[in-house]
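Scroll down for the structure; my scribbles are underneath it.
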Amino acid sequence: MALWARQVSRWCCWLKRAHGTEFPQRLRSRSNTTRTYHAFCPLALPPSRNDFLLWKLQTYRPLSVGSCSQPASSKDGSLASPDSNLSSQVNQKQEKAETLPDLNAKILYEDWDDIPPSSALEEISEEEAMRIIAEPLLPLKSSTLRDYVDHSETLAKLVHLGVDLSQVEKHQKAGQLLLTLDFEKDIRKILLFLKDVGVEDNQLGSFLTKNPYILGEDLEALETRVAYLKSKKFGKAEIAQMVSRAPYLLLFSVERLDNRLGFFKNELGLSVRKTKDLVIRLPRLLTGKLEPVKENIQVCQIELGFQRNEIQHIVFKTPKILTASKKRLRQTFDYLHNVMGIPHDMLTQFPQVFNSKLLRIKERHLFLMFLRRAQYDPAQPSYISLDQLVSLPDEVFCTEIAKASIQDFEKFLKTL
């Protein structure tokens, strides 16, 4: 019996040194009833080695055991019994353990409140599967912007403005640009700028359809280009007209705009005022290629035989002649000058005739020849100007110029 008491005493010393503050909690959990133990710890865990030793300790509680320290003397000098010494230590440990909250249990209860997320492999019923609405996948690559409209707020708002995405996607890398822009952050400020310049609300859609690249331009750079045009004495209404008719105008830097204006002034020998009037009437001269312009000037001077001052007059009154087809210019001039006998000075006075269709000129001239009324010399009676020849509608031309009915003109055309 004494041997068992000494062995239990050694176990107590070992447990006290090894576990410190854990020993009172485990001792308390063993001293309570089984119902209290289950309420305290929801999970039924198998007893650990330390708990098993403590159970052995309680089993031999009626035995006389010795303390791991020297037994304390009673008031009368007798030694206290091992059982009472051990009980007093256990009670002290229990009282101390009551002041320490069990954080592990609290955390465990909190973990139970968290519902684990459903797994992607979790089986669901057919009714739940029917209620699932799958959104269409965004294509990684597409040849049309139509596939991205439902996924892009920017594209949807541009469509509402009247932008034709089917035409925009024909421009090189324009579709990629629109997909990278944010409407509120990048596009709204450009739209407000265009409205300040003078582009009407109903023109924004067609403007952006022709020039979507302006949405990627820096706002400060755009404002600088408008300020340059104002410095060249272009009015607000004139700038609005130029920007609306030549959407790419504001993509040109100040240096390129200045070079273009200088080119037309020097190449044609125009004054500053006439140069400004020229680009206002045909603003795409500032944005188009310069090589065709140079070639047409040479054609008029070398092949058609016009003098420099005559070319200035023709270009100022009819700017489109600078961008017209060279073949068309040659054919029209050949018929007017060599067939109809119109001299250079009359062609210089009525250069609008170069904008007319050659077939229209031929039909009316032949009809007047049939009626013996083809008189283009202003010094002769029954003079017919080139403006009257090409600009009047068929009904007016027949009644006032040819002195015939429209039916006679139609019958004559069938004989050609």
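For the reader, a short list of remarks on this structure follows.
- Divide the volume of the convex hull around the Cα atoms of region 243-383 by the residue count and you get 123 Å³ per residue.
- Within region 243-274, backbone nitrogen closer than 19 Å to the virtual label 7 Å beyond the Cα of GLU217 toward Cβ: 243-262
- Accessible area (Å², 1.4 Å probe, nearest 10) - ILE302: 130 Å²
- Tensor-based shape of region 155-242 (alpha-carbon gyration tensor, a/c under 1.5 rounded, otherwise prolate or oblate): prolate
- When +1 charges are put on Lys and Arg Cβ atoms and -1 charges on Asp and Glu Cβ atoms, the dipole computed for region 279-416 relative to its Cα centre reaches about 440 debye.
- Listed residues GLU126, GLU153 arranged by accessible area, highest first, probe 1.4 Å: GLU126, GLU153
- Ranking MET130, MET340 by solvent-accessible area of protein heavy atoms (1.4 Å probe, all protein chains present), from largest to smallest, gives MET130, MET340.
- Taking the charge dipole of region 143-262 about its Cα centre, with +1 at Lys and Arg Cβ atoms and -1 at Asp and Glu Cβ atoms, the residue from HIS171, LEU250, ILE187 reaching farthest to the positive side is LEU250.
- Size descriptor for region 256-295, Kirkwood hydrodynamic radius: 10.1 Å (Cα pairs only, one decimal).
- Sparsely packed chymotrypsin sites (Phe, Trp or Tyr not before Pro) within region 372-416, loop by DSSP, other Cβ within 10 Å at most 13: TYR383
The values are calculated or read from the model by the stated rules, or taken from the named source; none is laboratory data. In this text, all values refer to a predicted model and were calculated from it rather than measured experimentally. Every residue, glycine as well, gets a Cβ built from its backbone with ideal geometry; the counts of neighbours run over all protein chains shown. The area values use the complete protein model at the heavy-atom level, side chains included, leaving out ligands, DNA and RNA. Shrake-Rupley method; radii C 1.70, N 1.55, O 1.52, S 1.80 Å.
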